[in-house]
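Colleague: This is the structure, below, for whatever I ask next.
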Amino acid sequence: MTIQCGECKEYSENSAKECGKCGCPFPFSTAINADQAFPAPLIMGILSVILWIFPILGFPVSIVGLLMSNSAVKKSNGANGTMPRNLAMIGLFLSIINAIIGGYLGSRH
Ligand SMILES: [Zn+2]
């Protein structure tokens, strides 16, 4: 089994933690480490998917989760934080839909 480096396209052993040619760390191994070390963005992402039911909670939680996971993505060059960022984006999207539907139904009463 081999893994291809995202930087220089060199193939290395699948168990390698970094590229043997350019030394670039492989995303898979760092993603696991960082998600264990920084669970906060992931927790915020999961919360935002749950709390979208209440737009007043879903909006701030998903926006904070989005910012936190976005900085994790930037720090790791896209290796970590993409999963919580996706969760936070789903939460934000659902909160917006919920707010629009709520506002629409509210205006008809
Ligand atoms: Zn490389």
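Colleague: Across segment 77-88, what is the total count of residues that are in a helix (DSSP H, G or I) and surrounded by fewer than 18 Cβ atoms within 10 Å (Cβ to Cβ)?
Modeller: 3
Colleague: Only one of GLY6, GLY20 is modelled with pLDDT under 80 and near the ligand (Cβ under 9 Å from one of its atoms); which?
Modeller: It is GLY6.
Colleague: Do you know which of the residues in segment 53-76 that are part of a helix (DSSP H, G or I) and of a type in the set (Ser, Thr, Tyr) is nearest to LEU42 (Cα to Cα)?
Modeller: The extreme case among them is SER69.
Colleague: For segment 35-53, indicate whether the set of residues that are more than 12 Å from the chain's Cα centre (by Cα), more than 16 Å from the ligand (Cβ to nearest atom), modelled with pLDDT under 85 and over 16 Å from GLY81 (Cβ atoms) is non-empty.
Modeller: Yes, that holds for at least one residue.
Colleague: For segment 64-109, what are the residues that are among the aromatic types (Phe, Trp, Tyr) and farther than 13 Å from LEU51 by Cα?
Modeller: If the condition is that a residue be among the aromatic types (Phe, Trp, Tyr) and farther than 13 Å from LEU51 by Cα, then TYR104 is the only one that fits.
The values are calculated or read from the model by the stated rules, or taken from the named source; none is laboratory data. None of the values given here were measured: they were computed from a predicted structure. Cβ: placed from backbone, ideal geometry, glycine included. Neighbour counts: every protein chain shown.
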